[in-house]
2 protein chains.
Amino acid sequence: MTVTLADVAARARVSPATVSRVLNGNYPVAESTRERVLRAVDELDYVLNGPASSLAAATSDLVGVLVNDIADPFFGIMASAAQSAIGESATGRGGGEKLAVVCNTGGSPERELTYLTLLQRQRAAAVILMGGSLEDPEHLAATAGKLTKLAEAGTRVVLCGRPPVSGDASAAALVFDNRTGARLLAEHLLGLGHRRIGYVAGPADRTTTRHRLEGHREALAAAGVAEGPTVHGPYDRASGHAATAELLARDPHLTAVVAANDTVALGVCAALRERGLSIPGDVSVAGFDDLPFSVDAVPALTTVRLPLHEAGARAGRLATGAEEPPAGGRETVPGELVIRGSTARPRG
Amino acid sequence: MTVTLADVAARARVSPATVSRVLNGNYPVAESTRERVLRAVDELDYVLNGPASSLAAATSDLVGVLVNDIADPFFGIMASAAQSAIGESATGRGGGEKLAVVCNTGGSPERELTYLTLLQRQRAAAVILMGGSLEDPEHLAATAGKLTKLAEAGTRVVLCGRPPVSGDASAAALVFDNRTGARLLAEHLLGLGHRRIGYVAGPADRTTTRHRLEGHREALAAAGVAEGPTVHGPYDRASGHAATAELLARDPHLTAVVAANDTVALGVCAALRERGLSIPGDVSVAGFDDLPFSVDAVPALTTVRLPLHEAGARAGRLATGAEEPPAGGRETVPGELVIRGSTARPRG
DNA sequence: TTGAAAGCGTTACCAA
DNA sequence: TTGGTAACGCTTTCAA
């Protein structure tokens, strides 16, 4: 029924071993033999049996990319870059075709663990975890355990935009400098004279949320300015929209709002507009991540640009081994402050 | 070194066959035995070997979701919905854990084929192809061949937002009614009195591009209105931005611009604003897809809402067999006209 | 309800 | 450079 390697071997009048060697290309084979085998493969329309191959070789060509929210371009951009990098690194040699696949955890710790187990089952060649992680100790421990086990089994582990698990050097980590970015953003607003700044934070238990908030507070503290109202919520538009009402209720005289990221900032802006407040005339708004659409959605949005594409590509290369892991296993990637129209001074 | 099923069997004092049956749950096993086995699994921290399992069973639990551009929320939303649906359908039984993975083709026909081959190698349980397809006959034939082969090998094939390959009923297809959507959009503008309407189309060789353009032209023809300038380009913001200059050069008196989708519309709006043209005062703009951010980016954007989430979820269910395929193998999903501020009449 | 054993299709080692 | 042949770890009849 289905064509096997043995069929190809018979047709090419060689042994199965030889066919395997031709297909994998990592072994010397006479050119004439090679051609004969490839012709047979073509004629029979043979497709390698992945599971059998993985079983025998004890590894697969699967690379898992875990993201918190696949509908968010923040992850889409990084994942896309990673997939391209992984695809390209395979071009180097004939056999190294990797299957980069992205898995959507939806921010759920259980699904994250489930996917890790599934990838472990598949004997994945590598796993990339993208985006902030939950800070629940139990989940952290569970994840760390899984990652260690994966690494032990020969799976490359790469963290991208997520802090490394303490004490585990088996994973290469690319970490965004969320703290500094948030600090720069706040300093910018403070420098313009803003003193009543609201903050729409992400979910309370995520690393990105905490780091950005910490950077923000650092700047306020350094300037001796009292912290304005802060509201937590998911990293989406609705959250920014809802939070804005709350912020204004707590301090009707806000002159600026900092959002956890650009998507949240969109919601903030929508809510402000609904109230007839102009941006940045009445209220200045700042975001984070600098997603492509943000400039259209809110031309006045000052934000922090993270090198998503570059980071994703590097993560991909680290996953295939095309790039050496950074010294110490981790590297901090800076963000760049992008100043747009919200560089307005507060009124009055 | 690594724990195998035999180890678990030994520890639980049963045969490997029994362990397999417990793990797969599709066989009657005495409750006491079951518990003993599960305890052993836990104690030994056993993880099933996916490749071995797939080899023996001749199928895997991998479900591939192919998308044209993972950085585009259009695909992200559908993919996310599909993944959730696939995950949930597994919850029904203990063993049916499926690994839904999304593969980014980047719109490249070669990569699409490569991914299909890779999934074929893996003996994927199902494959979902999302989004418009290239209309090149050669590529179409190649794809059709692959899909047929996949179906023959027992892989479920689902098309979502892509027209079915002619004469192949082996794939379930959910098709967006792009033609009607585009027609409604144009009729709306015509109804308002617009007579000089520019069109920014997608890439020339994609089904979505053609269908939307056809619907647009249908409406114009029916109204006896001459077609305005049309420019083709990729489905992204830059394309809309660049195309706008071209459109205005060809007809400086345009009163409306229809974009291939919301992302393109964003670029159109940005370009119009740069020229000091107000939306919808000077020029009305229409989009397609109704992506979440579009309302923020362009509050005045009239567009067509496609049920992305619902379609993705159904595709996921079709892939797992949780939902019966539509009669005839294909079903057309309508879009809904969303009228926002661009319901302005042309000036003068 | 459980066990024994024959594959599943490759890979990789050892010879030749 | 090539062939023979044990693994690889699981599923699945067939018997008991």
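Mean projected area of the convex hull spanned by the Cα atoms of segment A:29-126, taken over all viewing directions: 7.9 nm².
Residues whose amide H comes within less than 5 Å of that of B:R330, counting only those at least five positions distant or on another chain, are B:A173 (H built at 1.01 Å from N in the peptide plane).
Each peptide in B:258-268, B:78-88, B:29-39 was scored by the mean count of other Cβ atoms within 10 Å over its residues; highest first, the order is B:258-268, B:78-88, B:29-39. Go ahead and set up a Gaussian network model of chain B, Cα springs under 10 Å, then flag whichever of B:A319, B:A71, B:A300 fluctuates most. Of B:A319, B:A71, B:A300, the Gaussian network model singles out B:A71 as fluctuating most.
Between copies, the label points of B:D136, set 7 Å from Cα on the Cα→Cβ line, lie 4.8 nm apart, reported in increasing order to one decimal in nanometres.
Among the lysines of the protein assembly as shown, pairs at least eight places apart or on separate chains and with Cα atoms under 22 Å apart come to 7.
Remark: mean inter-chain Cβ contacts per residue of A:233-240 equal 1, using a 10 Å Cβ-Cβ cutoff to other protein chain atoms. As a calculated quantity, the FRET efficiency between A:S108 and B:H309 at R0 = 22 Å, using C-beta atoms, amounts to about 0.80. Counted over the protein assembly as shown, the DSSP beta bridges are approximately 10% antiparallel. Segment B:53-86 and segment B:173-237 have their alpha-carbon centroids 31 Å apart.
Under 11 Å from a label point set 7 Å out along the Cα-to-Cβ vector of B:S170, the amide N atoms of segment B:133-153 belong to B:144-153. Peptides B:138-151, A:273-286 ranked from most to least packed, by the mean per-residue count of other Cβ atoms within 10 Å: A:273-286, B:138-151. The value of relative contact order for chain A, using C-alpha pairs under 8 Å at least six residues apart, is 17 percent. Under 5 Å between amide hydrogens, built in the peptide plane, is the criterion, and for B:G106 it picks out B:D69, B:I70 among residues at least 5 positions away or on other chains. Oblate is the label for segment A:1-56. Its Cα gyration tensor axes, ordered a ≥ b ≥ c, give a/c of at least 1.5 and b/c at or above a/b. Relative contact order of segment B:136-233: 25 percent, from C-alpha pairs under 8 Å at least 6 residues apart in sequence. Shape class for segment B:178-306, computed from the alpha carbon gyration tensor (a ≥ b ≥ c): rounded, with a/c under 1.5. Across the identical copies, the label point of B:G106 (7 Å from Cα in the Cβ direction) is separated from its matches by 3.0 nm, in order from shortest. Hydrophobic, long helices, defined as DSSP H runs whose alpha-carbon span along the helix axis is 15 Å or greater and whose mean Kyte-Doolittle value is at least -0.5, occur in chain B at B:73-91, B:137-152, B:178-191, B:237-250, B:262-274, B:308-320. Note on B:R39 and A:D205: their simple-model spin labels are 3.1 nm apart, each label 7 Å out from Cα toward Cβ. Look at the alpha carbon pairs under 8 Å that are at least 6 residues apart: their mean separation over the length of segment B:1-123 gives a relative contact order of 25 percent. Histogrammed with a bin width of 20 Å, the alpha carbon distances of the protein assembly as shown distribute as 17, 46, 31, 6, 0 percent, first bin at zero. Among the residues of A:60-66, the average count of other protein chain beta-carbon atoms within 10 Å of the residue beta-carbon is 3.
Among beta bridges identified by DSSP and lying wholly in chain A, the antiparallel ones come to about 10 percent. Entry note, the protein assembly as shown: the mean residue ellipticity at 222 nm calculated from DSSP H runs of n ≥ 4, each adding -39500 (n - 2.57), is -14500 deg cm²/dmol after division by the residues and rounding to the nearest 500.
Plainly put, the tip 7 Å out from Cα toward Cβ on A:E246 is 4.7 nm from that tip on each other copy, the closest given first. Partner shielding of A:105-114 amounts to 1, given as the average count of beta-carbon atoms from other chains within 10 Å of each residue beta-carbon. Amide H contacts of A:R156: A:A126, A:V127, each under 5 Å away and 5 or more positions distant or on a separate chain (H built 1.01 Å from N in the peptide plane; Pro and chain starts excluded).
Here, each number is a calculation from the coordinates, and none is a lab measurement. Note that the coordinates shown come from a computational prediction; the quantities given were computed from them, not determined experimentally. Reconstructed Cβ throughout: ideal geometry from the backbone, glycine too, with neighbour counts over all protein chains shown.
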